[in-house]
Amino acid sequence: MDFNESVTKTNLARSFSAECQAGARYQFMSKMALQDQQKFLSDTMKTLAKNEMAHAKVFYDHILNNSGGSVKNISIEAGFPFDEPKLESSLLEESKIEEAEANNIYPSFARIAKDEGFADIAKSFEMVANVEATHHQILKYLASLYSKRKMYRRDTPTEWKCSNCGYVSISKDGFKECPLCNMPQGYVIIDFEKELQDQHE
């Protein structure tokens, strides 16, 4: 199928726009977390923003590589979120967006790309969907911790590590201030990947 006549071309443009906007929103959230003295959460959002921009670049490159440079503008119509930015609610809302991308939007775009004969693009949609599924789990978990004021409180002794100097302690509560370098609690690393894995075992 001619790429320039395909639905896949439009889907790539929509996906590029969505990933760019997610990257921007995550950078906004990173700044909000920093204002709340949540340095580790801020860094986590920066990492997710970087991931989203990498996805955008994948979609952008597919458009350029498959159009032969003939596409100068693509008109798209899609809905994009413009909610009032509040860290607690934004974490949860973004987790829902990531879930929709992982379970519905990108798998649908992958099927269309396969049907239209663009197997490499379909594979990219599938791989991005897998990453977005992970993002969903991370954001949902962080939203739960943040809303319950349990970012640095657990029911069982947990390892807490300062992201600045590497000091480690084991307790139910993360240290309020690092005993070694005096950085505030927001610098303490939350091993959310391990904690999520433990929840599923």
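The values are calculated or read from the model by the stated rules, or taken from the named source; none is laboratory data. Note that the structure is predicted; figures quoted are calculated from it, not measured. So basically every Cβ, Gly included, is an ideal-geometry build from the backbone, and we count neighbours across all protein chains shown.
Numbers at a glance
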| read-out | value |
| --- | --- |
| Only listed residue being out of contact with any Gly (no Cβ under 9 Å at 6 or more places or on another chain), at pLDDT below 95, over 23 Å from Ile105 (Cα atoms) and of a type outside the set (Phe, Trp, Tyr), chosen from Glu84, Glu5 | Glu84 |
| Among residues of the stretch 1-13, those that are part of a helix (DSSP H, G or I) and surrounded by 18 or more Cβ atoms within 10 Å (Cβ to Cβ), counted | 6 |
| Filter result for Asn130 (at pLDDT 95 or above and over 11 Å from the mean Cα position of the chain (by Cα)) | yes |
| Residue in the stretch 154-163 that is under 20 Å from Leu34 (Cα atoms), charged (D, E, K, R), part of a loop (DSSP other than H, G, I, E, B) and outside the structural domain of Leu41 (by TED's automatic domain parsing) present | no |
| From Glu94, Glu116, Glu99, residue being surrounded by fewer than 20 Cβ atoms within 10 Å (Cβ to Cβ), farther than 15 Å from Val7 by Cβ, touching a helix residue (DSSP H, G or I) at 6+ places or on another chain (Cβ under 7 Å) and at pLDDT 90 or above | Glu99 |
| Pairs, first touching a residue at least 24 places away in the same chain (Cβ under 8 Å) in the stretch 57-83, second among the aromatic types (Phe, Trp, Tyr) and in a helix (DSSP H, G or I), C-beta under 6 Å, six or more apart | Phe59/Phe16; Tyr60/Phe16; Asn66/Phe3; Ser67/Phe3 |
| Residues within the stretch 52-88 that are assigned to a loop (DSSP other than H, G, I, E, B) and buried (at least 16 other Cβ atoms within 10 Å of the Cβ), tallied | 0 |
| Residue count, the stretch 145-172 (criterion: surrounded by 15 or more Cβ atoms within 10 Å (Cβ to Cβ) and under 27 Å from the mean Cα position of the chain (by Cα)) | 11 |
